[in-house]
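Reviewing the structure listed below.
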Amino acid sequence: MKNNFKMAIVLVVTIAFASFTTLKDKQVNVKESQVNWTGHKVTGQHDGTITLKEGSLEFDGATLTGGAFTMDMTSINTTDLEGEYKTKLDGHLKADDFFGTDKFPTATLKFTKVEALGSDYAVTGDLTIKGITKPVTFKMNVAKNTATAALKIDRTKYDIKYGSASFFDNLQDKAIYDEFDLNVSLKF
């Protein structure tokens with residue numbers, strides 16, 4: 001009888017504790033979210049978008065604790081060009097010497113560590129592009145139903161070396177910088 005009473009108390013305490021810990025996955029609204037990229041070169045830059053295929057953020061109460069995302073790399077799109085130049089650049093970005101979207105149609109990001117920094121978070125995650133996974137670190141801000149982040153990605157770590165002065169000599173004004181920017185706005 002005493003054991004049953006103890007078990008009942010343990011069960012009640014466990015349920016009470018669980019009710020105060022509200023772990024919750026929030027699905028990202030992919031239609032309202034944006035992933036914008038900027039690639040820099042010696043003579044300027046190009047801008048564009050990538051469609052988010054799916055994503056979720058994990059919260060413990062109001063505190064961000066994790067997240068996972070899949071980007072549709074076949075959707076990579078240039079927004080600063082039109083006509084023939086846009087078509088050529090979009091095609092080149094999908095080709096094997098850039099993102100190789102026929103073989104690698106998606107890229108993923110999975111948070112591995114999240115630390116609160118006041119109203120922001122320091123996030124570490126595993127980013128997979130072209131089947132290659134490398135850690136990335138960035139700051140994320142969460143306010144109401146929106147999370148924003150700015151990431152700098154070294155493309156050469158993912159075997160994207162086209163036009164990189166780190167790997168090819170005499171590129172001069174045709175050099176493309178190794179890092180590109182991702183600016184993300186997630187609605188949930």
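The values are calculated or read from the model by the stated rules, or taken from the named source; none is laboratory data. Nothing here was measured: the structure is a model prediction, and the numbers come from that model. No Cβ is skipped: glycine too gets one built from the backbone with ideal geometry, and neighbour counts run over all protein chains shown. Heads up: the accessible areas ignore ligands, DNA and RNA and are worked out on the full protein's heavy atoms, side chains in. Shrake-Rupley method; radii C 1.70, N 1.55, O 1.52, S 1.80 Å.
Structural remarks
- Residue within region 144-156 that is at pLDDT below 95, surrounded by fewer than 16 Cβ atoms within 10 Å (Cβ to Cβ), within 18 Å of residue 185 (Cβ to Cβ) and charged (D, E, K, R) present: yes
- Residues that are open to solvent by less than 20 Å² (accessible area, probe 1.4 Å) and without any contact (Cβ under 8 Å) to a residue 24 or more places away in the chain, drawn from region 40-71: none
- Every condition in (1) buried (at least 18 other Cβ atoms within 10 Å of the Cβ); (2) without any contact (Cβ under 8 Å) to a residue 12 or more places away in the chain is met by residue 168 except one, and the failing one is (1).
Yes/no matrix, rows are residues, columns are (1) of a type in the set (A, V, I, L, M, F, W, C); (2) assigned to a strand (DSSP E or B); (3) in contact (Cβ under 8 Å) with a residue 60 or more places away in the chain:
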site: 91; (1), (2), (3): no, no, no
site: 103; (1), (2), (3): no, no, no
site: 111; (1), (2), (3): yes, yes, no
site: 125; (1), (2), (3): no, yes, no
site: 136; (1), (2), (3): yes, yes, no
site: 139; (1), (2), (3): no, yes, no
site: 142; (1), (2), (3): yes, yes, yes
site: 152; (1), (2), (3): no, yes, no
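- Only one of the numbered conditions (1) within 21 Å of residue 79 (Cβ to Cβ); (2) surrounded by fewer than 16 Cβ atoms within 10 Å (Cβ to Cβ); (3) among the hydrophobic types (A, V, I, L, M, F, W, C); (4) in contact with a Lys or Arg (Cβ under 9 Å, 6 or more places away or on another chain) is not met by residue 117, and that is (1).
- Unique residue being in contact with a Pro (Cβ under 8 Å, 6 or more places away or on another chain) and among the aliphatic types (A, V, I, L, M) when the list is 127, 151: 127
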